[in-house]
Each structure stands twice: as C-alpha cells, then as structure tokens.
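The values are calculated or read from the model by the stated rules, or taken from the named source; none is laboratory data. All figures in this text were calculated on a predicted structure; none of them were measured in a lab. With ideal geometry, Cβ positions are generated from the backbone for all residues, glycine too; neighbour counts draw on all protein chains shown. Accessible surface is based on the protein model in full, side chains and every heavy atom, while ligands, DNA and RNA are left aside. Shrake-Rupley method; radii C 1.70, N 1.55, O 1.52, S 1.80 Å.
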Amino acid sequence: LPQETVDGLVWRSGPSTAQSNPSFAVHAVNPAGSSLDFDTCLGPADTYGSEQPDWGESFLSDGSYYLNFTGQPEAHVSAIRALVPPVCAISVRIVPVSSAVGRALQSQVAGDEGSLNGAGASVWGVVFDPISDRVIVSVSSLTPACRAAIERRYPAGMLQIVEGIPPVPVASTARMVAPRWILRR
C-alpha cells in the first residue's frame, strides 16, 4: 500500500487516503503562485481564515496552501487576494464542515471515549482532519461491533474510522513512534 507522511505520521492506506477531496470545490486565489513564504503568504491568509465564522481550517498539500470555508468562495478569494501578493500559492476550498463543527464533534467523541471503550470500541485517538474534512477516530481493533458502536452515536458522514496501533514510547529517546495506519471504509 502507498505511504504518505502527514504531520509527522506515516499513513498506509488504500484509495481513501487523507488527500484533498476532489469533490470539494477549489478556487485559486493566485493561479500562478509559486511561493509559500510564511510572513508574506501563509500568515496573513491563515489569520484571515481563522477569523471567519465559516472557516474549515487550513493545510499544505502538493506545494499549495488551502484555506477551507463552508461558503462564499468569491468573497474569500477577493479578501485573500487583497492580503497577499500574486506570488503566493494559495487556494480557497469549499467544504461541508466548518472548523467549529468539526472540532465540536472531535471533542464530543473524545469525551465519550470511556463509554465507547465500554461498548466494544477500543478508541485511542480522535482528531479533526481539515484535508478530509472529517473527524478521524483511531481504534486498536476495528470490528463490525466497534464500527457500529461509533456510527450509532455520531453522524457517519463526518467520521473516518481507522484501525491502527497506538504510538508507543521509545525508551532510549523518550519520544513517540508514529503508528502505521490501515484505513478501512
């Protein structure tokens, strides 16, 4: 299976990798942009995005910086164009879930971890992923009962349930080893 490093983790997956979802509408802020300088490009764009109520967070992929929003692409593109020079490789991506909604679901699932574990779901990690625009629920053993216990409680369209081994400390360096993931649909 192909591997990809995302935020220091190695992802092993099939066709449902945490790549930019092509079904989400993308609008180029600067189509010929080639720079990802923090002070000139990323900082001003991200500050603008994080101040918007429909912000869905931001991420880097394939040499471009994507700002996610749930609507108003023309307004966001115009505002960002006014903030950054044309050399910046920035795009606006329209997604179904805002950061506030995704983070709220992440908190809810994380808060329910104990009761989920009691219902047969061995949950060890919960994150909101702005690339897939879903809450990723990491479990040690993905059984049909585990999946059912999670999907009964939360909107299935906003979740991605993955099976993997939790990170373990490496005694000699006291650091965490990134897990290997197996994504299952």
Open item on the list: Apply the Karplus curve 6.51 cos²θ - 1.76 cosθ + 1.60, θ = phi - 60°, to the phi angles in the range 48-62 and return the couplings in whole Hz, x for Gly and Pro.
Closed with: 4, x, 5, 8, 8, x, 9, 5, x, 5, 9, 7, 9, 7, 6
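Taking R0 as 22 Å, what FRET efficiency do you get between residue 152 and residue 104 from their Cβ-Cβ distance, rounded to the nearest 0.05?
Numbers: r = 19 Å, r/R0 = 0.84.
Taking R0 as 22 Å, the efficiency between residue 152 and residue 104 is 0.75.
If r is the Cβ-Cβ distance from residue 38 to residue 141 and R0 is 45 Å, what FRET efficiency results, to the nearest 0.05?
Working: r = 41 Å, r/R0 = 0.90.
The calculated FRET efficiency here is 0.65.
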Task: Computed accessible area, residue 38, all protein chains, 1.4 angstrom probe, square angstrom - done: 130
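If I take R0 = 25 Å and measure r between the Cβ atoms of residue 51 and residue 115 in this structure, what FRET efficiency does the formula 1/(1 + (r/R0)^6) give, to the nearest 0.05? Mind dumping the intermediate values first?
Working: r = 35 Å, r/R0 = 1.42.
The calculated FRET efficiency here is 0.10.
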Open item on the list: If you count only protein heavy atoms and use a 1.4 Å probe, how large is the accessible surface of residue 150, to the nearest 10 Å²?
Closed with: 0
